[in-house]
Amino acid sequence: MTEQQAREEMVRLGASFFQRGYATGSAGNLSMLLEDGTLLATPTGSCLGELVADRLSKVTLEGEWIGGDKPSKEVSFHRAIYLNNPACGAIVHLHCLYLTALSCLEGLDPQNCIRPFTPYVVMRVGDVPVVPYYRPGDARLGEDLAKLAPHYKAFLLANHGPVVVGKTLREAADNTEELEETARLIFTLGDRPIRYLNDDEVAELRS
């Protein structure tokens, strides 16, 4: 994929998220690793529904801003993930309704906040650890994600929302939507008894 194609894909997927209610206002950010080893990212304060291909931020993995509009301060935690997970080619961070609501609950399992009850999160994402609350832009957010990045494909930032990776931006977007729909099921089911997948069923899916 050329850089121009990557820019166009980010604009297209950002607009899709916004139009379908996964993103509101200027919340959330996207990034992609380009073939030259630099990052393409959504600019600070930008609305995912109004991205302009030529104005997307371009930064190095070391954090140097080299083109486009000023990048979001949260690009720092994107860089932490890329630097510690060689398989990561793109990242989606949204403040989507149900996952953000889930991130505000007390008592979540910090090792895996979504106990498996459908096969799809297991197959697409696996366990989803919870990162403790830090204010947006806090360096500790990147530090914690750097430690978790080699082992997971998705993370839930406490009182903030999801961060999801993929080999491509399309894959990261699909994984994010799967997680959001699973969170919606959690709230839809409420306090009804849930038949969770047992250990053997989860192991079969992971194999």
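Number of residues in region 15-28 that are assigned to a helix (DSSP H, G or I) and over 13 Å from the mean Cα position of the chain (by Cα) equals 4. With respect to the conditions (1) open to solvent by less than 60 Å² (accessible area, probe 1.4 Å); (2) over 22 Å from Ser76 (Cβ atoms); (3) among the hydrophobic types (A, V, I, L, M, F, W, C); (4) touching a Phe, Trp or Tyr at 6+ places or on another chain (Cβ under 8 Å), Phe187 falls short on a single one, namely (1). Just for region 119-134: of the residues that are of a type outside the set (A, V, I, L, M, F, W, C) and surrounded by 15 or more Cβ atoms within 10 Å (Cβ to Cβ), which one is nearest to Thr168 (Cα to Cα)? Per the criteria, the residue is Arg124.
Looking across region 160-173, the residues that are over 10 Å from His95 (Cα atoms), open to solvent by 10 Å² or more (accessible area, probe 1.4 Å) and not acidic (Asp, Glu) come down to Lys167, Thr168, Arg170.
No other residue among Ala53, Ala80 is open to solvent by less than 30 Å² (accessible area, probe 1.4 Å) and out of contact with any Leu (no Cβ under 9 Å at 6 or more places or on another chain) apart from Ala53. Only one of the listed residues (Thr42, Thr60, Thr100) is touching a Ser or Thr at 6+ places or on another chain (Cβ under 8 Å) and either open to solvent by 20 Å² or more (accessible area, probe 1.4 Å) or under 24 Å from His151 (Cα atoms) (or both). That residue is Thr60.
Among all positions in region 47-69, there is no residue which is farther than 19 Å from Glu178 by Cα and in contact with a Cys (Cβ under 7 Å, 6 or more places away or on another chain).
The values are calculated or read from the model by the stated rules, or taken from the named source; none is laboratory data. Remember, it's a predicted structure, so these values are computed and weren't measured experimentally. Quick reminder, even Gly has a Cβ in these numbers, built from the backbone with ideal geometry, and neighbours come from all protein chains shown. Each accessible area value is taken on the protein alone, full model and side chains, heavy atoms only, with ligands, DNA and RNA left out. Shrake-Rupley method; radii C 1.70, N 1.55, O 1.52, S 1.80 Å.
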